[in-house]
Amino acid sequence: MDEKILIIEDDEKILRLLQRALNYEGYNVFLATEGRAGLSLTQDQKPALIILDWMLPDMDGLEVCAKLNKMTTAPILMLTAKDQVEDKIIGFDSGADDYIVKPFDMEELFAHIRALLRRTAGDRVETLQMADLILDSKTHQAYRGDRAIRLTAKEYDLLDLFLRHPGQVMTREMIFDRVWDYDFGGESNVLDVYIRYLRQKLEENGEPRLIYTLRGVGYVMREPD
């Protein structure tokens, strides 16, 4: 296995617990107890995945998350005691790809890690296109005409799903299953938030809409009206 995982967590007990468990599973683990140290390790070690605590002594975890998204495409798993839907949305807004609440079950954490690593492993070298929108799955770079569009890891997964199923109605359940890998239950407003973000980026210069809402059903990507 030997994928690199960076843990940014100031609780020594949790840090050592995670280190032992992940090492046992075959991951190559790096540790940071402060946000700045975590940013430095990200630059030096280029981890495949980052586990990030919300509350850190030197920097807010949300600020660290935003900075990480400018440095790496590695998925970020936010670890926190905050369990309200509003908190989760704030975490996703800052660029987190997944979210797990303390106290957590280790097997559940492993499942989240495997799901995130599956989506980033072995990128397919191909280009997907709809109208003037192009997505390069090797570089994870999107273009609308000549305009480059920066995507978070979750936005990329969502756009990749739509482009692989042009004209197909994607129900909310299908999207949750394929992009998040588990059921959000009643927290479906997370999907609405991400669709809004994606539309804003794709239509930033007034370009025609490509992702349409089918009220009560889901979404579809098709050629502009």
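Per-structure values
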| read-out | value |
| --- | --- |
| Conditions (1) modelled with pLDDT under 90; (2) in the same structural domain as ASP192 (by TED's automatic domain parsing); (3) at positive phi; (4) of a type in the set (Gly, Ala, Ser); number of the one not met by SER137 | (3) |
| Tally of residues being of a type outside the set (Gly, Ala, Ser) and out of contact with any strand residue (DSSP E or B) (no Cβ under 7 Å at 6 or more places or on another chain) across the range 12-45 | 14 |
| Residues located in the range 213-224, provided they are free of Cβ contacts under 8 Å to residues at least 24 places away in the same chain, over 14 Å from VAL193 (Cα atoms) and not in a loop (DSSP other than H, G, I, E, B) | none |
| Inter-residue pairs, beta-carbon under 6 Å, first among the aromatic types (Phe, Trp, Tyr) and in the range 127-149, second surrounded by 13 or more Cβ atoms within 10 Å (Cβ to Cβ), 6+ apart | TYR143/ILE134 |
| Inter-residue pairs, beta-carbon under 9 Å, first among the aromatic types (Phe, Trp, Tyr) and in the range 51-78, second surrounded by 14 or more Cβ atoms within 10 Å (Cβ to Cβ) and assigned to a loop (DSSP other than H, G, I, E, B), 6+ apart | TRP54/LYS82 |
| Residues that are part of a strand (DSSP E or B) and touching a strand residue (DSSP E or B) at 6+ places or on another chain (Cβ under 7 Å), drawn from the range 131-184 | LEU133, ILE134, LEU135, ASP136, GLN141, ALA142, TYR143, ARG144, ALA148, ILE149, MET170, THR171 |
| Residues that are over 18 Å from ALA111 (Cβ atoms) and either outside the structural domain of ASP58 (by TED's automatic domain parsing) or assigned to a strand (DSSP E or B) (or both), drawn from the range 7-28 | ILE8, ASN28 |
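The values are calculated or read from the model by the stated rules, or taken from the named source; none is laboratory data. Remember, it's a predicted structure, so these values are computed and weren't measured experimentally. Note that each Cβ is placed from the backbone with ideal geometry, even for glycine, and that neighbours are counted across all protein chains shown.
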